[in-house]
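First up is the structure itself, then whatever we jot down about it.
The values are calculated or read from the model by the stated rules, or taken from the named source; none is laboratory data. In this text the structure is predicted, and so the values were computed from the model without any measurement. Cβ sites come from the backbone with ideal geometry, for glycine too, and all protein chains shown count toward neighbours.
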Amino acid sequence: MAISVDSGEESRKLCQSQGYTFTFLSDPQAETIRAYGVLHEHAGEGGKDIARPAEFLVDREGTVRWVNLTETILARLRPDQILRAMDGLRTASAP
Amino acid sequence: MDATSRRDWNWLLWVGFATTLLAAFSYVPFFVKFPETRDFPWANLALFAAAGCLLAIGMYRAFARPERYRGKISGVIFSVLSLAVFGLFCFGSFYAARNIPRAEAAPRVGQRAPEFTLTGLDSKPVTLSGLRQANRYVLLIFYRGYW
């Protein structure tokens with residue numbers, strides 16, 4: 001799930017141009033972004049509050065199992081990082 | 001014939017400055033596409049280094065052999081501009097890009113993920129609890145967006 005302050009219209013354009021098929025969710029008032037402690041105040045256009053890059057892996061019970069908080073907006077999550085993290089959880093939870 | 005007009009064009013200065021511009025303006029349209037050159041701008045710093053070498057050799061030619069090469073004035077202008085562009089690039093990459101909140105209040109591993117209801121592209125509400133029931137894991141990716 002990708003979450004940002006963008007409107008559904010903006011996200012649809014992004015999905016179309018990049019071919020993304022996963023779910024995009026809009027948080028225009030940044031309420032969920034704030035609840036997750038990842039608000040970046042006044043960092044958007046015209047001083048708008050936006051999200052800082054952050055990733056959380058949540059299990060079926062609602063517990064956070066893995067977190068990635070980058071230190072620079074240049075370095076973003078790579079697909080192999082999350083796949084390795086999920087492999088690690090699977091191994092750990094195996095009987 | 002005037003001695004000035006017979007001096008050679010100091011092309012290293014021009015190529016050096018062009019390399020500086022390439023170094024500064026190639027990150028977003030090109031190098032950002034590859035994780036290796038995106039996470040740390042190695043390629044751009046290498047281009048800046050190459051630009052610096054070209055400008056240094058060009059400046060040496062202009063000042064050490066002024067009877068043969070032109071470029072005393074253009075060399076100084078290009079070098080100062082290149083340093084300014086390099087400074088701006090470093091400011092953006094190593095200060096502005098890192099100047100983000102540390103997110104100390106973010107839920108940690110083992111803590112509960114706050115419930116939410118957000119709207120998807122089809123304007124239908126999506127809840128975390130609904131996503132959890134339908135999937136073994138839910139990955140939440142917060143991103144800056146395009147506003």
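Just a few scattered comments:
- Tally, over segment B:112-142, of residues that are facing another protein chain (nearest Cβ under 7 Å), surrounded by 12 or more Cβ atoms within 10 Å (Cβ to Cβ) and polar (S, T, N, Q): 1
- Which listed residue, of B:88, B:140, B:81, B:118, is under 26 Å from residue A:45 (Cα atoms) and in contact (Cβ under 8 Å) with a residue 60 or more places away in the chain: B:88
- Which listed residue is among the hydrophobic types (A, V, I, L, M, F, W, C), modelled with pLDDT under 95 and within 32 Å of the chain's Cα centre (by Cα), from B:121, B:140: B:121
- Residue match in segment A:36-53 (condition: surrounded by 19 or more Cβ atoms within 10 Å (Cβ to Cβ), outside any strand (DSSP E or B), hydrophobic (A, V, I, L, M, F, W, C) and out of contact with any Leu (no Cβ under 6 Å at 6 or more places or on another chain)): yes
- Residue check for residue A:7: surrounded by 16 or more Cβ atoms within 10 Å (Cβ to Cβ), over 12 Å from the mean Cα position of the chain (by Cα) and more than 8 Å from every other protein chain (Cβ to nearest Cβ): yes
- Reported count of residues in segment A:75-95, each being of a type outside the set (D, E, K, R) and assigned to a loop (DSSP other than H, G, I, E, B), is 4.
- Of all residues in segment A:46-93, those that are at the interface with another protein chain (Cβ under 7 Å from one of its Cβ atoms) and within 19 Å of residue A:30 (Cα to Cα) total 10.
- Check on residue A:11, in contact (Cβ under 8 Å) with a residue 12 or more places away in the chain and assigned to a helix (DSSP H, G or I): yes
- So residue A:37, is it more than 13 Å from the chain's Cα centre (by Cα) and either among the aromatic types (Phe, Trp, Tyr) or modelled with pLDDT of 95 or more (or both): no
- Flag for residue B:145 being farther than 20 Å from residue A:77 by Cβ and either modelled with pLDDT of 95 or more or surrounded by 12 or more Cβ atoms within 10 Å (Cβ to Cβ) (or both): no
- Annotation: residue B:87 fulfils all but one of (1) surrounded by 13 or more Cβ atoms within 10 Å (Cβ to Cβ); (2) under 27 Å from residue A:70 (Cβ atoms); (3) within 26 Å of the chain's Cα centre (by Cα); the unmet one is (1).
- Residues being small (Gly, Ala, Ser) and closer than 21 Å to residue B:6 by Cβ - total across segment B:44-91: 6
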